[in-house]
Amino acid sequence: MKRLLLLYRSIIGKKVIAAVTGAVMMGFLILHVAGNLKAFLPDAAPGVPDIDVYASFLRTMGEPLLPYTTLLWSVRIVLIASLLLHVTCVLQLARRNQRARPVRYREVRHVESTAPARWMLYSGSLLLAFLVIHLLQFTTGTIDAARFVPSGVYGNLYRAFHEWGYVAMYVGATVLLGLHLYHGAWSLFQSLGLDNPDRNRGLRQLAMVVALGLSLSFASVPVAFSLGALGPPPAESPKLALR
Amino acid sequence: MKFRLRIWKQASGDAAGAFSDYEVDGISPETSFLEMIDTLNERLTERGEEAVAFESDCREGICGMCSMVINGQPHGPLPGTTTCQLYMRHFDDGQPITIEPWRSGAFPVLRDLMVDRSAFDRILESGGYVTVHSGPKPEPNANPIDPEVAEESLDAACCIGCGACVAACPNGAAMLFTAAKVSHLGLLPQGQPERWERVQNMVEQMEEEGFGSCRNYAECEAACPKEISIKFIGRLNRDYLRALREPIDRHGPMDSQ
Ligand code: HEM
Ligand code: FES
């Protein structure tokens, strides 16, 4: 515990925390997008979209060993803690960096750093803003409460992504995520001291694959709905009972 | 050749600074960058104007004194060189050249282009040493070192402490310098006794001096006149994490049942 506190107090330690929590969130996003792609699967049963079954599975997983939604909430708590730690650490470091250069250069020529790397704070902050809207829209249903159906994920998606504003916002967020992870998915290995000249190329390519893969697959769902490639929800969809 | 110079002038650390414009002509392409400023200074002094203050010593790329940011790049546009090794043939005739001091809260400006880099000295003092016993000296080859390891250590030991890594870092971090110093000793057998203490002390001192935090941009590696790799920053992070581990106590008896 004392050592963990030491980690939190030092600037290298804060980077390590940012790297580990970033990796946790990145791992979650890979699972998340795999779930999203279920929107493209044929109905699980007549009138029951596959993704709705998946959503109810997320709540019942672990049963009967664990009570309803216990596992889901455990994952949520880990994610909330990760996000809070990530944001706290990077903001503290960003403030420190500002103080480290009180007088700015008149001329700066960047040689090696990429633009997405220098934009981390902006892409991250915008992702945080997006996350709030996203949860209010598809988790709590606060944004369109009148038409929101807790167990009807497919229908909720269908309604949202027939408004071009939401499609634009979600596609924009996937671009931001791609930019954040283009640097972040490599940077975390360097922060943890796991990169070396012999693996550098491979890790850079891995980051590219993760960033592009996540961006494109997240974007595919809203784009498919808005283009009509994904049709309306089953009319008489018998809603899965939500306890 | 002729150049239009825009140079930062600041009378002292407390005084407000500003850019001054100068013109120098009749400069041969074989003139070094520092000689070009020397020429400017001679002419300024002849005219009774104040010369531009800058630091230099060896003028052969080993002392690390000639710190200045030239057109937005520490030590100028040529990779792997210090300012003193830069020649005017690397510039175009008539080109405007902006010259600024290192910009870092930890390196206060003393005058014009001169900054106080003693923050680096204090980082070195906090851990850049090894234990040497005071008795008769051992035979130098008695302690075998793998040539690969020796080479890697020398790659880090190339650091001349010029501060270009800090000057180039958009975050004002001193990680490349600290990493080079930690690794250069930490790789060698002679550096093992203090290895874990060294990394903690040097990182702590680095924080105390107010340097920024690394974001893995690699601008430092590109600006380093000795082309030191950011792999040493990875190594620093690794050593730092290992130093934080609880010591394991393996003394004592073990039962068989
Ligand atoms: C969608 C969730 C997020 C994921 C998956 C994520 C992922 C990552 C990863 C993997 C890194 C690299 C860590 C390292 O360099 O060691 C990183 C760094 C960073 N993240 Fe995030 N991040 C997320 C959200 C955020 C948010 C909400 C912010 C806004 C404050 C943010 C701001 C930053 C910054 C500024 C860095 C650079 C830190 C530094 O090097 O000092 N991130 N992120
Ligand atoms: S004057 Fe010594 S390195 Fe340039």
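The values are calculated or read from the model by the stated rules, or taken from the named source; none is laboratory data. Just so we're clear, the structure is a prediction, and the values are computed from it rather than from any experiment. Cβ coordinates were reconstructed from backbone atoms using ideal geometry, including for glycine residues, and neighbour counts include every protein chain displayed. Areas reflect the complete protein model, heavy atoms only, side chains present, ligands, DNA and RNA absent. Shrake-Rupley method; radii C 1.70, N 1.55, O 1.52, S 1.80 Å.
What to note about this one:
- Kirkwood radius for the stretch A:157-204, taken over all pairs of different Cα atoms as the inverse mean of 1/r, rounds to 12.8 Å.
- Pairs of Cα atoms nearer than 8 Å and 6+ residues apart set the relative contact order; for chain B it is 19 percent.
- GNM flexibility winner over chain A from A:59, A:101, A:159 (Cα, springs under 10 Å): A:101
- Contact order, relative form, for the stretch B:117-256: 32 percent (alpha carbon pairs under 8 Å, 6 or more residues apart, mean separation divided by residue count).
- CD proxy at 222 nm, helix term only [per DSSP H run n ≥ 4: -39500 (n - 2.57); per residue of chain A; nearest 500]: -23000 deg cm²/dmol
- Threshold 50 Å², the stretch B:207-251 residues less accessible with all protein chains present than alone (1.4 Å probe): B:207, B:213, B:215, B:216, B:217, B:219, B:231, B:237, B:238, B:240, B:241, B:244
- Point-charge dipole on Cβ atoms (K/R +1, D/E -1) for the stretch B:138-257, about Cα centre, debye to 20: 220 debye
- Probe 1.4 Å, protein heavy atoms only - accessible area per residue of the protein assembly as shown in square angstrom: 51 Å²
- Considering only A:110, A:180, A:32, the mean-square fluctuation computed in a Gaussian network model of chain A, springs between alpha carbons under 10 angstrom, is largest for A:110.
- Comparing B:190, B:126, B:141 along the charge dipole axis of the stretch B:117-256, the residue lying farthest to the positive side is B:126, per the Cβ-charge model.
- Rounded to the nearest 10 degrees, the angle from helix A:164-191 to the longest Cα principal axis of chain A is 40 degrees.
- Normalised alpha carbon radius of gyration of the stretch B:119-176 [divisor 2.2 N^0.38 Å]: 1.54
- Computed over neighbours whose Cβ is under 12 Å from that of residue B:112, the net charge equals -1, Lys and Arg +1, Asp and Glu -1.
- Each principal axis of the Cα atoms in the stretch A:16-130 has its own extent, and those three values, largest first, are 66, 30, 22 angstrom.
- Length gained when the stretch residue B:197-residue B:132 is fully extended (0.36 nm per residue, less Cα-Cα span): 21.8 nm
- Comparing the stretch A:24-74 with the 2.2 N^0.38 Å rule of thumb, its C-alpha radius of gyration ratio is 1.27 (two decimals).
- Principal semi-axes of the equivalent ellipsoid, √(5λ) from the alpha carbon gyration tensor of the stretch B:162-257, are 33, 13, 11 Å from largest down.
- In this calculation the C-beta distance from residue A:75 to residue B:11 is compared with R0 = 60 Å, giving a FRET efficiency of 0.50.
- Longest to shortest principal axis, alpha-carbon extents of chain A, angstrom: 64, 42, 37
- Between the residues B:234, A:157, A:176, the greatest Cα displacement towards the positive end of the dipole of the protein assembly as shown, with unit charges on the Cβ of Lys, Arg, Asp and Glu, is found for A:157.
- Whole-Å semi-axes of the ellipsoid equivalent to the stretch A:95-234 (Cα gyration tensor, √5λ, descending): 36, 19, 13
- Kirkwood-based shape ratio for the protein assembly as shown, expressed as Rg/Rh from alpha carbons: 1.09
- Local net charge near residue A:120, Cβ-Cβ under 13 Å (Lys/Arg +1, Asp/Glu -1): +3
- Counting every alpha-carbon pair across the stretch A:1-44, the share separated by more than 17 Å comes to 53%.
- Computed over chain A: relative contact order in percent, which uses C-alpha pairs under 8 Å that are six or more apart: 28 percent
- Stretch gain in nm, segment residue A:4-residue A:30, where the contour uses 0.36 nm per residue and the Cα spacing is subtracted: 6.6 nm
- For the residues of A:180-191, the average number of beta carbons from a partner chain within 10 Å of their own beta carbon is 2.
- Compared with the dominant principal axis of the Cα atoms in chain B, helix B:147-157 is inclined by about 40°.
- Since only B:26, B:68, A:58 are under comparison, the one whose Cα sits farthest along the positive direction of the charge dipole of the protein assembly as shown, derived from C-beta charges on Lys, Arg, Asp and Glu, is A:58.
- Relative to the longest principal axis of the Cα atoms of chain B, the long axis of helix B:33-46 makes an angle of roughly 40 degrees.
- Legend: distances between Cα atoms for A:2/B:137; A:15/A:38; B:9/B:231; A:14/B:181; B:9/B:226; A:14/B:9; pairs beyond 31 Å are A:2/B:137; A:15/A:38; B:9/B:231; A:14/B:9.
- Cα-based convex hull volume of the stretch B:3-110 per residue, rounded to whole Å³: 107 Å³
- With all projection directions averaged, the alpha carbon convex hull of chain B covers 19.4 nm².
- Net charge dipole, the stretch A:34-154: roughly 1040 debye, given to the nearest 20, about the Cα centre with Cβ charges of +1 for Lys and Arg and -1 for Asp and Glu.
- Accessible area buried, both sides summed, chains B and A with 1.4 Å probe, Å²: 3900 Å²
- Percent carbon-and-sulfur accessible area, the protein assembly as shown, ignoring ligands, DNA and RNA, probe 1.4 Å: 59 percent
- Partner chain coverage, peptide A:194-206 - average Cβ within 10 angstrom: 2
- Antiparallel bridge percentage (DSSP; both residues within chain B; nearest 5): 75 percent
- Sorting the segments B:153-166, A:78-91 by their mean number of nearby beta carbons within 10 angstrom, highest to lowest, gives B:153-166, A:78-91.
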